[in-house]
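Read through the structure below, which is laid out as structure tokens, and then see the notes.
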Amino acid sequence: MIRLLRICFAIVLAIAPIGFCHSTASAQTSNIQKRWLFIWRDMNDPKEVDRVIARLPAAHAAGYNGLALSANVAASKAAELKAEAKANGIAIVAIVMGGDPDRNYVEGVLSKDALFSAAGGTLNFQPDNPTKVVNGNFDSYKGDHMVGWGFQDDEGITTFADHQVTHGGSTSLRMESFSKNSAQHTRIAQPIKLHPYRQYRISVWVKTENLAGAYPEVKVLNQDASASVSFQTFHCDPTQDWKHYDLSFNSLKTENANLYLGTWSGKSGKMWWADLKIEEIGLVNVLRRPGCPLTVRAENGTEFEEGRDYQKIVDTQLHPWAAYHDPPVVRLTPTSRIKEGDRIRISYYHPFLVYEDRLTYCLSEPKIFDDWRAEIKQANELLHPAAFFMSHDEMRCMNQCAACQAKHMTAGELLAWNVHKAAQIIRDVRPDAEIWVWNDMFDPMHNAIDNYYAVNGTIKGSWKGLDPGIGIVNWHGDLKGKNCSFFADMGLKQILSGYYDSDDDGAAIADWEANTKSIHGIVGAMYTTWEDKYGAMDAWAKRAWGSRRQD
């Protein structure tokens, strides 16, 4: 099952080094050579490395022979980890290429010709067509109907004007009894006007009580509600007092949209909404790298120079995982050609958040590959892993920045080029090491499709960047192996990534194996927990490969 929440630059997985079996045995368990344990913790913390080391004997007893974890292991603990893994017959797989330590190298989306005015030696942001929410404080109502909102689910049944629990005004919007809606949807919406290719901020306050199976969301959809414009979500505790949230998005090509808030498929509990605002913003989390050029020009086309006409624009608070903070002040130089009152257009690039914290790094900037090479060399020196796992996974914003656009490729072609180049870096440093990657971005039954989040263009054809020396870790739990034939026909070996914080009795991985028993190249299974859950590690292993294996 696809996990929506990830806490780092990219997804990671596990691998062990035993050879790839080319036979198709009738008993699937005879092919489960790679029996991996996945660790999703900060390995730069020595205490977390100690926790991993303490778990190794139990993993060995259950038959695991591979340990996948971040290559960023605390240097003071690397030798001990290597020794203990070897003593327990467990190979280390280093998860790499999750991004770049420089925050400016996340993929950037264009905010085009944002309007600023010159006043008092600075350039001040001025939205062209201010976007406003009608009755965003919910103080205007008729019964339980919120005035100005063209759509509201089940007024007086699931949605209410609440005059007792309030925040900034005299009324809030309360939602409850979600199951009384036939689809368990509880929503409210109104049309909004956007300026194409501009940066926007949504601000809202939310309170909850005993929520179960219900997740508050704010969405911006296109005019016919067939596609999303915004993708960022936020976390609410089941019960919490009023809490403020900022969300951000780029309008891309959208001009007419619908603003929604509420919950989809909710079960029980209550939520309250107050003080909802939407506004165009400028230069928040502005990215400064070669592939994200910034231009400042007059409305007549005159382009101004950084250093000559205005001081360098740098967001000292740059935080791609945070939707909003005060933007940097654009200061004019004493010799600036920009005059008081001039209308100025600034084009720049900013990050594009998906869900709570998901970002994609640029696929094209040369520095990315230099930094990846340094990462592989360091991981090799510290751990000398049996395999490297490339973190190309759930890449939800691609082919947007100028560096990517300059290649004149589709997103799929760009990804194919990138993963081929990434694999070659590993081969240059460690020609004997195995290489693995997740399936989803190369899988036509998964994410290698058209219209994927904020990806510019189709991802189809991305699989052309793979070669038989790159193994696939297949994590599409809903398909349970139905997509494995695609990679097998390409001559690629595969590992079935099961568990995913459920499947405590191993029934699901047993189904995967049964469904793929006649497919060539299924060589392993991996216990994959994102929530640090290892209680089912032994029971799951027994279903995945039987009793303890002797290699």
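Below 9 angstrom from the Cβ of His167, what's the summed charge of the other residues (Lys, Arg +1; Asp, Glu -1)?
Summing Lys/Arg as +1 and Asp/Glu as -1 gives 0.
What ratio of Cα Rg to 2.2 N^0.38 Å holds for the stretch 295-346?
Taking the Cα Rg and dividing by 2.2 N^0.38 Å, one obtains 1.29.
With an 8 Å Cα cut-off and a minimum separation of 6 or more residues, compute the relative contact order for the chain in percent.
Relative CO of the chain lands at 19 percent.
Taking only the alpha-carbon atoms of the stretch 322-391, what semi-axes of the equivalent ellipsoid follow from 5 times the gyration tensor eigenvalues under a square root, in whole Å, largest first?
42, 17, 11
Given labels modelled 7 Å from the Cα in the Cβ direction, how far is it in nm from His408 to Val329?
In this crude spin-label approximation the distance works out to 4.5 nm.
For Met271, Met43, what's the fewest-to-most ordering of other Cβ within 10 Å of each Cβ?
The fewest-first ordering by Cβ neighbours comes to Met43, Met271.
Tell me the relative contact order for the stretch 141-281 as a rounded percent, counting alpha carbon contacts under 8 Å between residues six or more apart.
Value for the stretch 141-281: 34 percent.
Let me check I have the definition right: for the chain, take the eigenvalues of the Cα gyration tensor, multiply each by 5, take square roots. What are those semi-axes in whole Å, largest first?
Semi-axes (√(5λ), whole Å): 44, 31, 20.
Give the cross-link partners of Lys82 among the lysines, using a straight C-alpha distance below 25 Å as the criterion and excluding same-chain residues fewer than 8 apart.
Lys34, Lys47, Lys377, Lys533
Tell me the volume per residue, in Å³, of the convex hull enclosing the alpha carbons of the stretch 406-551.
139 Å³
Taking K and R as +1 and D and E as -1, what net charge do the other residues with C-beta under 15 Å from the C-beta of Ala183 add up to?
Every neighbour counted, the sum reads 0.
Around Val455, what is the net charge, scoring Lys/Arg as +1 and Asp/Glu as -1 over all other residues with Cβ under 10 Å from its Cβ?
Result for the local shell: -1.
Which value in Å does the Kirkwood hydrodynamic radius of the stretch 434-474 take, with 1/r averaged over all unlike C-alpha pairs and then inverted?
10.7 Å
Excluding residues on the same chain fewer than 8 positions from Lys267, give the lysines whose Cα lies under 20 Å from its Cα.
List returned: Lys180, Lys207, Lys219.
Exactly which trypsin sites (Lys or Arg not before Pro) in the stretch 291-365 are in a DSSP loop and have at most 12 other Cβ atoms within 10 Å?
In loop regions of the stretch 291-365 (DSSP not H, G, I, E or B), the sparsely surrounded trypsin sites (Lys or Arg not before Pro) are Arg308, Lys312, Lys339.
Rounded to the nearest 5, what % of DSSP beta bridges with both residues in the chain are antiparallel?
Of those bridges, close to 65 percent are antiparallel.
Given N residues in the stretch 141-281, what is Rg(Cα) / (2.2 N^0.38 Å)?
That works out to 1.00 for the stretch 141-281.
The stretch 112-146 to the stretch 271-289: how many Å between their Cα centroids?
The stretch 112-146 and the stretch 271-289 have Cα centres separated by 11 Å.
Can you sort Ser117, Ser70, Ser497 so the residue with the fewest Cβ neighbours within 10 Å comes first?
The most exposed by this proxy come first: Ser117, Ser70, Ser497.
With 10 angstrom as the radius, rank Asp504, Asp440 by how many other C-beta atoms surround their C-beta, starting from the fewest.
Asp504, Asp440
Only the coordinates and a few stated rules stand behind these numbers; no lab work does. These numbers come from a predicted model, not from an experiment. Heads up, the Cβs are rebuilt from the backbone with ideal geometry, glycines too, and the neighbour counts pull from every protein chain shown.
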